[in-house]
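*Asks:* So that we are looking at the same thing, I have put the structure below in structure tokens.
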Amino acid sequence: MTDTVTKPKPKTIEFHFDFGSPTTYLAHTQLPRIARETGAELVYHPMLLGGVFKAAGNVSPVSVAAKGRWMGQDIARWARRWGVPFAFNPHFPVNTLTLMRGAVGLQLRQPADFTRYVDAVFHAMWVAPRNLSDPAEVAAVLTAAGFDPAAFMALVGDAEVKAQLVANTEASVARGVFGAPTCFVGDEMHFGQDRLDFVREALA
């Protein structure tokens, strides 16, 4: 009889995200490296931030003028610290409903294309900013990233995809999520791109 060795499951980072948050973009630039260095699995959890805000009774930080001004400066500091490109999107706030349905749809139907899509949208939102509330701009970004805009629009219009985004958002709220970026390591929740050191510690 041969003994079988059960390999321990790697720890998981659950990344609850919405493209419309600049701090979420910053977290996205760092989490893959943290996952590699700690041997963790990084799982992206698309949610609709507007839905989270409504359910949690939260509002965007920029709704407070002084906080919005500070936050713009702080985001720039974090981008410099990590050496990542960042440009505040002049079209902010952007309605991300279609974009987040796209993320959910690709996870469901074309998972191999998910990372390429996420990278392209974050780049078009916070590196070389485009007006992603404009369908024509979205189509241009998709085409440049190798996606068929017509197929994409069919995907985001699919009833199952729409329902899954709602379910994802409700699941985030049920876990205690009130904004983005939010990461979970097991049941331990960490909010904000400035808490990634705690995410790394939780994985150690």
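The values are calculated or read from the model by the stated rules, or taken from the named source; none is laboratory data. In this text the structure is predicted, and so the values were computed from the model without any measurement. We place every Cβ from the backbone using ideal geometry, glycine too, and count neighbours over all the protein chains shown.
*Asks:* Would it be correct to say that Ala112 is loosely packed, with under 14 Cβ neighbours inside 10 Å and not in a helix (DSSP H, G or I)? Give the steps one after another, and end with the answer.
*Replies:* Numbers: loosely packed, with under 14 Cβ neighbours inside 10 Å: yes; not in a helix (DSSP H, G or I): no.
Here the answer is no, as Ala112 does not meet what is asked.
Residues are listed down the side, and each one gets a yes or a no for (1) assigned to a strand (DSSP E or B); (2) closer than 18 Å to Met47 by Cβ; (3) among the aliphatic types (A, V, I, L, M):
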position: Glu137; (1), (2), (3): no, no, no
position: Ala140; (1), (2), (3): no, no, yes
position: Phe147; (1), (2), (3): no, no, no
position: Phe152; (1), (2), (3): no, no, no
position: Lys162; (1), (2), (3): no, yes, no
position: Glu170; (1), (2), (3): no, yes, no
position: Gly179; (1), (2), (3): no, yes, no
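*Asks:* Could you list, in sequence order, all residues of the range 19-51 that are of a type in the set (A, V, I, L, M, F, W, C) and out of contact with any strand residue (DSSP E or B) (no Cβ under 8 Å at 6 or more places or on another chain)?
*Replies:* Going through the range 19-51, the residues of a type in the set (A, V, I, L, M, F, W, C) turn out to be 19, 26-27, 31, 34-35, 40, 42-43, 47-49.
Within the range 19-51, Phe19, Leu26, Leu48, Leu49 meet the criteria.
*Asks:* Among the residues in the range 75-95, are any modelled with pLDDT of 95 or more, assigned to a loop (DSSP other than H, G, I, E, B), within 21 Å of Gly179 (Cα to Cα) and β-branched (Val, Ile, Thr)?
*Replies:* Yes, the range 75-95 has at least one match.
*Asks:* Which number in (1) of a type in the set (A, V, I, L, M, F, W, C); (2) under 15 Å from the mean Cα position of the chain (by Cα); (3) within 20 Å of Ile75 (Cα to Cα) marks the one condition that Val177 misses?
*Replies:* Status for Val177: all satisfied but (3).
*Asks:* Can you tell which of Ala151, Ala159, Ala204, Ala112 is at pLDDT 95 or above, under 27 Å from Arg33 (Cβ atoms) and small (Gly, Ala, Ser)? Show your work before the answer.
*Replies:* Details: Ala151 fails: under 27 Å from Arg33 (Cβ atoms); Ala159 fails: under 27 Å from Arg33 (Cβ atoms); Ala204 fails: at pLDDT 95 or above.
Sole residue among the options that is at pLDDT 95 or above, under 27 Å from Arg33 (Cβ atoms) and small (Gly, Ala, Ser): Ala112.
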